[in-house]
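Take a look at the structure below.
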Amino acid sequence: MKVLSIEWISESAEGMMPGFIRMIDQTRLPEELAYLNTTDIEIVWEAIKMLRVRGAPAIGIAAAMGVAAALQGSEASGERLLAEAEKHADYLATSRPTAVNLFQALERMKSVARASASLPPAAFKERLVREAVAIRDEDAAMCRAIGEHGLKLIRDGQTVLTHCNAGALAVSEYGSALAPIYAAQAHGMRVRVFADETRPLLQGARLTAWELMQAGIDVTLICDNTAAVVMKEGKIDMVMVGSDRIAANGDAANKIGTYGVARLARAHGIPVYFLAPTTTIDMSLPSGDCIPIEERSAEEVTCGFGRRTAPEGVKVYAPAFDVTPAEYITAIVTEKGAAYPPFGETLREWMK
Ligand code: MRU
């Protein structure tokens, strides 16, 4: 089964309107594969905020489609229509702070809107839908290329440890960190995956384990605190993770816990690969210290999935991401290839 996290659906013969966004509601996995269909910008905002759609590239795509979907019902034209597009983009930019793909996609939508302001309203709206779909399609192509570049790092029979979910669910299709695994499978290789469950929202358990099992890939779920032991036992050949934002020096933000995994891997002599499309690279930030880190609500830690697991009123610190310093990263793999330390020069070259 092909997992498509987010799509634009239109049955129009002439263009892409009228249409709507269809996304997998990832909060319902693994119990059920349920879809959320919408054109409502507030529903899109809530879906991003509550991780119904999640993963850096997927939230960028959702936001771009959210802007286009919301404009469909507008009566405005010209400058007023442009102002609406900008307002929708600014609103969706408030949903989550860390993944730069969100802001990158919204800036792209705004700049296409500005360049198309003189079009008649129907053509303007169609243009924005097409841009949002192009962002999705380009991401799919980038993920395929990441898979091919990442494949060069894996040998038949090896085992990869991953954290969070950087698979098909987190992008348009295929995945970033999981793309080489899918590529290996397509080449007839046997590759095994150890998936950290990824407290507190369990993206590894609920999503990575689910999508790899759907694909028939050998996956073993471990508690986050088991990572050190499986490394010590010699079960892990490499770590492959995605990223939400990579700074100009190669420091990379990813799901909370990734930094610890990277340091454990270094202690055990295991290579650590960050795989992401170049839409995740933010050259405006000199280092990871500047990456804004989202803090999530205490309830996700104390009362996750509806069951209280800590006393009411306890103090909680819940950053959703951490930054792995470039010195703990063996290579950064994008659709353009693999970069090795020091990363600055290659990242600059890629992002010219
Ligand atoms: O909070 P989430 O589930 O959106 O966090 C996602 C991650 O940290 C992923 O590893 C990252 O976005 C890379 S997805 C290709």
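Which whole number of Å³ per residue matches the convex hull of the alpha-carbon atoms in region 276-352?
132 Å³
Quick check: at a probe of 1.4 Å, how many percent of the accessible area of region 6-143 sits on carbon and sulfur atoms?
On region 6-143, the fraction of accessible area on carbon and sulfur atoms equals 52 percent.
Along the charge dipole of region 6-143, pointing to its positive end and built from +1/-1 on Cβ of Lys, Arg, Asp and Glu, which listed residue (Tyr35, Ala122, Ala83) has its Cα farthest out?
Most positive-ward Cα: Ala83.
Ignoring ligands, DNA and RNA, please state the percent of accessible area on region 227-352 from carbon and sulfur, probe 1.4 Å.
In region 227-352, the share of accessible area belonging to carbon and sulfur is 53 percent.
Treating the angle as unsigned and between 0 and 90°, give the value, to the nearest 10°, between the Cα long axis of helix 100-115 and the longest Cα principal axis of the chain.
In the chain, helix 100-115 runs at an angle near 20 degrees to the longest axis.
On the accessible surface of region 173-222, probed at 1.4 Å, how many percent belong to carbon and sulfur atoms?
Carbon-and-sulfur percentage of accessible area, whole number: 52.
Just need the relative contact order of the chain here, percent rounded to a whole number, with Cα pairs under 8 Å and 6+ apart.
RCO, the chain: 16 percent.
What whole-number distance in Å separates the alpha-carbon centres of region 84-154 and region 335-352?
Centre-to-centre distance over Cα atoms comes out at 22 Å.
For region 219-352, with only Lys/Arg (+1) and Asp/Glu (-1) charged at the beta-carbon, what is the dipole magnitude about the Cα centre, in debye rounded to 20?
260 debye
Tell me, what is the per residue accessible area of region 51-189 in Å², probe radius 1.4 Å?
With the other protein chains kept in place, region 51-189 gives 33 Å² per residue.
Going by alpha carbons, how many degrees (0 to 90, nearest 10) lie between the helix axis of 258-267 and the longest principal axis of the chain?
For 258-267 against the chain, the angle is about 30 degrees.
Counting only Cα, what are the radius of gyration and maximum Cα-Cα distance Dmax of region 110-172, in Å?
18.2, 57
How big is the charge dipole of the chain about its Cα centre, in debye rounded to the nearest 20, if each Lys and Arg gets +1 on its Cβ and each Asp and Glu gets -1 on its Cβ?
That gives the chain a dipole magnitude of about 560 debye.
Given the -39500 (n - 2.57) contribution per DSSP H run of 4+ residues, what per-residue ellipticity at 222 nm results for the chain, rounded to the nearest 500 deg cm²/dmol?
Rounded to the nearest 500, it is -11000 deg cm²/dmol.
Helix 121-151 versus the longest principal axis of the chain: what angle, 0 to 90°, nearest 10, using Cα atoms?
20 degrees
Between Glu312 and Met1, with labels modelled 7 Å along Cα→Cβ, what's the label distance in nm to one decimal, could you check?
3.9 nm
If R0 is 30 Å, what FRET efficiency do you get for Ala13 and Ser111 from their C-beta distance, rounded to 0.05?
My answer for the efficiency is 0.55.
Where does the chain land on Rg(C-alpha)/(2.2 N^0.38 Å)?
For the chain, the normalised Cα radius of gyration is 0.98.
What FRET efficiency would be calculated for the residue pair Glu79, Arg348, taking the C-beta separation as r and a Förster radius of 35 Å, to the nearest 0.05?
0.40
For region 30-70, list residues with backbone N below 17 Å from a point placed 7 Å from the Cα of Phe305 toward its Cβ?
Output list for this probe position: 30-34, 51-52.
Enumerate by residue number the GluC sites (Glu not before Pro) in region 73-117 meeting two conditions: DSSP loop (anything except H, G, I, E, B), and at most 10 other Cβ atoms within 10 Å of the site's Cβ.
Sites meeting the loop and neighbour criteria: Glu75.
Using a Debye calculation, one point per C-alpha and no hydration shell, please list log10 I(q)/I(0) for region 177-252 at q = 0.11, 0.27 Å⁻¹ in order.
-0.32, -1.31
Pairs of alpha-carbon atoms within less than 8 angstrom and 6+ residues apart define the contacts here; what relative contact order does region 146-350 have, in percent?
Averaging sequence separation for qualifying contacts and normalising by length gives 22 percent for region 146-350.
Could you tell me which of Pro341, Pro325, Leu201 has its Cα farthest along the dipole of region 146-350 towards the positive end, charges placed at Cβ (Lys, Arg +1; Asp, Glu -1), taken about the Cα centre?
Towards the positive end, the residue furthest out is Leu201.
Around Ile329, under 10 Å between beta carbons, what's the net of Lys plus Arg minus Asp minus Glu among the other residues?
Net local charge, Ile329 excluded: -1.
Whole number in Å², please: accessible area per residue of region 193-296, 1.4 Å probe, ligands, DNA and RNA not counted.
Per residue, region 193-296 has an accessible area of 35 Å².
The values are calculated or read from the model by the stated rules, or taken from the named source; none is laboratory data. Since the model is a prediction, treat every value here as computed from it, not as a measurement. Glycine also receives a Cβ, built like all others from the backbone with ideal geometry; neighbour counts cover every protein chain displayed. Surface accessibility is based on the protein's heavy atoms, side chains included, excluding ligands, DNA and RNA. Shrake-Rupley method; radii C 1.70, N 1.55, O 1.52, S 1.80 Å.
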